[in-house]
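The structure under discussion appears below in the form of structure tokens.
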Amino acid sequence: MDVMRREIAICTRMLVDVDILEYSGHISARLPSGDAFLIQQGDDVRSNLDPSRLLVVGLDCEVVEGDGIPPSETPIHAEIYKARPDIRAVAHFHHDPTTMFSMVKGRPLVPVKNHASRWSDGVPVHSDASHISTISQGQELVHTLGESNAALLRGHGEVVVAESVMALFADIVHFVENAQALAHAGLLGVVEPLNTDDMEKFRSTFKREKHARKLWSYYSVTAANKGVISPEWLDE
Ligand SMILES: [Zn+2]
């Protein structure tokens, strides 16, 4: 569990450093037992997240281990873990340049960059613009998410899901890169999104785990050099 705690802290601090997380938003990871997950305390500062302060929370949103209060939007994480056995890491964040695609009629968040092939099933938009702080709101979000690997929360933020914290980090980077590229491309002219064949071809040769490790290595070493994370965390 110590490795997972450190990965969540590293991931969170790196996402603050690249302006994706700030004073709110959270990363969680499912424990190997499957019936609980690690998540930060709601009020802990993301840029200074301490692995030892993470809470173990059950799928009923009750704290199982640790002394503190989880984020009010913890039902997002719990309900996704309940509904999607394939998912072992969940991120919720509020990145305005990405959230913008939940605010404009007729401008869906379509894949324009090759790594956005991850979301070839589409990025559904959840209509509830309020905080997802109850079990029933979490269930409604899961219904919107379906089998997709990301969703936009209208006028609010994003949810991205993956099989590990490392893969989640890479996905988040690519998710916001795609949104920003799409917004910029739209200023240049008529956008030509990737089609199903383009995305299938990309995925057929893409080494997802290797790529996630490469991104993690680049961002974590850079973060350690800048003092964003402890260099000792990379050695263990
Ligand atoms: Zn939120």
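Readers should treat all values here as calculations from the given coordinates under stated rules, not as data from a laboratory. Because the structure is predicted, anything quoted here is derived from the model rather than measured. Note that we place each Cβ from the backbone using ideal geometry, even for glycine, and neighbour counts take in every protein chain shown.
The figures follow:
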| item | result |
| --- | --- |
| Lysines with Cα under 23 Å of residue 210, excluding same-chain neighbours fewer than 8 positions away | 113, 201 |
| Long-range HN-HN contacts of residue 126 with modeled amide H, under 5 Å | 152, 153, 154 |
| Degrees between helix 74-83 axis and first principal axis of the chain (Cα, 0 to 90, nearest 10) | 70 degrees |
| CD proxy at 222 nm, helix term only [per DSSP H run n ≥ 4: -39500 (n - 2.57); per residue of the chain; nearest 500] | -13000 deg cm²/dmol |
| The range 2-235 - Kirkwood radius from inverse mean 1/r over Cα pairs (Å) | 17.9 Å |
| Tilt relative to the chain, helix 135-145 - C-alpha long axis, 0 to 90 degrees, to 10 | 30 degrees |
| The chain: relative contact order as a whole-number percent, Cα under 8 Å and 6+ apart | 20 percent |
| Candidate aspartates and glutamates for bridging to residue 214, where Cα separation is under 13 Å - those fewer than 8 sequence places away on the same chain excluded | 171 |
| Sequence ranges 187-193, 140-146, 223-229, 170-176, ranked by mean other-Cβ count within 10 angstrom, highest first | 170-176, 140-146, 223-229, 187-193 |
| In order through the range 44-58: 3J(HN,Hα) via Karplus (6.51 cos²θ - 1.76 cosθ + 1.60), integer Hz, x for Gly, Pro | 5, 6, 4, 6, 10, 4, 9, x, 6, 8, 5, 9, 9, 10, x |
| With Cα atoms, 0 to 90° folded angle of helix 2-17 axis to the chain main axis | 50 degrees |
